[in-house]
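Structure record follows, encoded as structure tokens.
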Amino acid sequence: MSSHKNIIAEVNASGIKRSLILAGGGARLAYQAGVIMALEEEGLSFSHFDGTSGGIFNTAMLSSGIEAKDMATRWRKVNVMHFSSLLPFKSYFSKKTFAAFGDADGMINKVYPTLGIDVAKMNANISIDATFNVCNFSKKTVEVLSNRNVTLQHLVAGMSLPIFMPAIEINGDWYTDAVWIKDANITEAIKRNMKEIWLVWAIGNSHEFLNGTFNQYVHMIEISANGGLLLELEQIEKLNSEKPSAEKTILHVIKPEFPLPLDPDLMFNKINADELINRGYADAKSYLQRKTDLGVAPDYKASMMNEPGSVLVFRSLFSGIIDWKNKQTDFSLNVNFNFRSVHHETVLRAFASVSFENSEYRISTYNNQIMISQTEQILTFECDFVFEDQIQHLQCQLDLISQYDLLLGMEFKKARCTITGKNLPKPISAMLKQNAWIRIKNVPFIHVSSSSGWFGKWKEKFRILKEVYRK
């Protein structure tokens, strides 16, 4: 866990050759920044990086020289409303001139600078082998560009999803997002004879087909992306069948346990970059703890996720002073609770980050667990995090007073917290508080995501809360 580790392998370095495939997933791919932090923390380095669709963001950041530890900090600063900007007003009222709902001006002028994406630095960077995938619509093919020759136009086109952003004309051909053909170009890793292929997959892949125009547009993306991935995985399986065991390509896949919320939830602040980063970090840590040397089978199960069910989401921000190694230190805990009802069973999840000394650098947690004592009406949240190159364990207890208090912004005023670690002479105990303004401000974002209508979501909200509070 030392700070000298770098996710980018040195040129001509010996050791296992790995490729990191950063697939698409829209504006939600702050998730990948959390994954990349966990991979680097594990000591893994990669000889090749590949980005498609939204995965281009993070591939471009790495190619621009942004270090893994800084990627999450930059993602947290992004204003999600800048991912798209409006076209001329009159274009929305003509069937002939309508090109898309928005253009890339906000992304170019706001998002890229915030993320540190710099095409000149990418082109000049000889320490990384990175590839970017763009759909050449005119030829109906995927074109692969390296960080040495990719242009700003290609980066924009690679994330120009039809209807939402217009296609880009480059040298007489029209270019757009490659997701309809493939959302992860594993072929580029195979060409480089990589021993290990690490795929970060964020496109949903669950069982149920939902009604609704937007849901079915997303389903079309899921069909194309997952269908294209299966063809790529079949290629790995075929090549492996012709190789001795020692030479087979190993596939590792890091993905969410449940499908990530969609971009509109991000735009309306029902989910934020902090939670996405924390999810990615926790999911990567979980995979790293249970992975085997054989990786995962290159088949349809590789990208499958659990059924999402109905999920009640709310967030809390606790802060206070702790006695950290005999020094009074500001400490904060930002936690997002996910209480799911899947096949009438309640599944409790939480994703969190902590901060010392009010630093803008937040530390994601892993091994997150929630336990509820119905007899004492106490919710206990436990997690691990890495600080000062040491693993620390955090336990917080919150009183469960009333589900109505939660909906009115009166619940979770205090958290009784204890931090333990091998480098600490004794446990550190503190009472963290969540002030009234934060609790009230978060009330509008207590919501249920499900396939039910408005009334059905309200019923689900109270049904899940009743299960949690048992009152």
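The values are calculated or read from the model by the stated rules, or taken from the named source; none is laboratory data. Predicted, not measured: the structure shown is a model, and the values here were computed from it. A quick note on method: Cβ atoms are made from the backbone with ideal geometry, for glycine too, and the neighbour counts reach across all protein chains shown. Only protein heavy atoms, including side chains, enter the accessible area calculation; ligands, DNA and RNA are left aside. Shrake-Rupley method; radii C 1.70, N 1.55, O 1.52, S 1.80 Å.
Please work out the average accessible area per residue across the chain, using the 1.4 Å probe convention, and give it in Å². Kindly include the intermediate steps, with their values, before the conclusion.
On the way: 21790 Å² over 471 residues.
That works out to 46 Å² per residue.
The angle between the Cα long axis of helix 213-241 and the main principal axis of the chain comes to about 70°, on a 0 to 90 degree scale.
Less than 16 Å apart at the alpha-carbon level, and either on another chain or at least 8 residues along: which lysines does that give for Lys270? List returned: Lys441, Lys457, Lys461.
By the rule of a C-alpha distance below 29 Å, with chain neighbours fewer than 8 residues away ignored, the lysines paired with Lys139 are Lys95, Lys96, Lys182, Lys191, Lys238.
At a 10 angstrom cut-off on C-beta neighbours, averaged per residue, how do the peptides 309-315, 60-66, 372-378, 358-364 rank from highest to lowest?
My ranking of the peptides, most packed first, is 60-66, 309-315, 358-364, 372-378.
Given Thr329, Pro427, Ser353, which one lies farthest toward the positive end of the charge dipole of segment 306-456, if we put +1 on the Cβ of every Lys and Arg and -1 on the Cβ of every Asp and Glu? Looking along the dipole axis, the top candidate is Thr329. In loop segments of segment 144-243 as defined by DSSP, the chymotrypsin sites (Phe, Trp or Tyr not before Pro) with at most 13 further C-beta atoms inside 10 Å of their C-beta are Phe209.
Within the shell defined by Cβ-Cβ distances under 13 Å, the residues around Ala436 carry a net charge of +3, with Lys and Arg each +1 and Asp and Glu each -1.
Summing +1 for each Lys or Arg and -1 for each Asp or Glu among the other residues whose beta-carbon sits under 9 angstrom from that of Lys17 gives +2. Computed from backbone phi with θ = phi - 60° and the Karplus coefficients 6.51, -1.76 and 1.60, the 3J(HN,Hα) list for segment 178-185 is 7, 4, 6, 9, 7, 10, 8, 9 Hz; x is used for glycine and proline. Near Ser224: Cβ cut-off under 14 Å, other residues only, Lys/Arg at +1 and Asp/Glu at -1. The net charge is -2. Take segment 385-427, compute every pairwise Cα distance, and split them into 10 Å bins from 0; I just need the percent in each bin. Binned Cα distances yield the sequence 25, 34, 22, 18, 1. Computed from point charges on the beta carbon alone (+1 for Lys and Arg, -1 for Asp and Glu), the dipole magnitude for the chain about its Cα centre is near 980 Debye.
Rounded to the nearest 20 debye, what is the charge dipole size of segment 403-471 about its Cα centre when +1 sits on each Lys and Arg Cβ and -1 on each Asp and Glu Cβ? Walk me through the intermediate numbers first.
Values: 15 positive and 4 negative charges, 41 e Å.
For this selection, approximately 200 debye.
Across the chain, the relative contact order, built from alpha-carbon pairs under 8 Å that are at least six residues apart, equals 13 percent. Ligands, DNA and RNA left out, the 1.4 Å accessible surface of the chain is 56% carbon and sulfur atoms.
Each peptide in 386-392, 71-77 was scored by the mean count of other Cβ atoms within 10 Å over its residues; highest first, the order is 71-77, 386-392. Measuring max minus min along each principal axis, the C-alpha atoms of the chain give extents of 66, 58, 42 Å (largest first). Among the lysines, which have Cα under 23 Å from the Cα of Lys285 when same-chain residues fewer than 8 positions away are ignored? Cα-Cα hits under 23 Å: Lys5, Lys17, Lys69, Lys195, Lys255, Lys301, Lys422. Normalised by 2.2 N^0.38 Å, where N counts its residues, the alpha-carbon radius of gyration of segment 232-389 equals 1.29. Computed from point charges on the beta carbon alone (+1 for Lys and Arg, -1 for Asp and Glu), the dipole magnitude for segment 34-122 about its Cα centre is near 640 Debye. Each stretch of four or more DSSP H residues adds -39500 (n - 2.57); spread over every residue of the chain, this sum gives -8500 deg cm²/dmol at 222 nm. Note on segment 410-468: dipole from Cβ charges, positive end direction compared against Ile440, Trp454, Val468; the farthest Cα belongs to Ile440. Restricting the calculation to Cα atoms, segment 357-464 shows an Rg/Rh of 1.03 when the hydrodynamic-style radius is the Kirkwood one.
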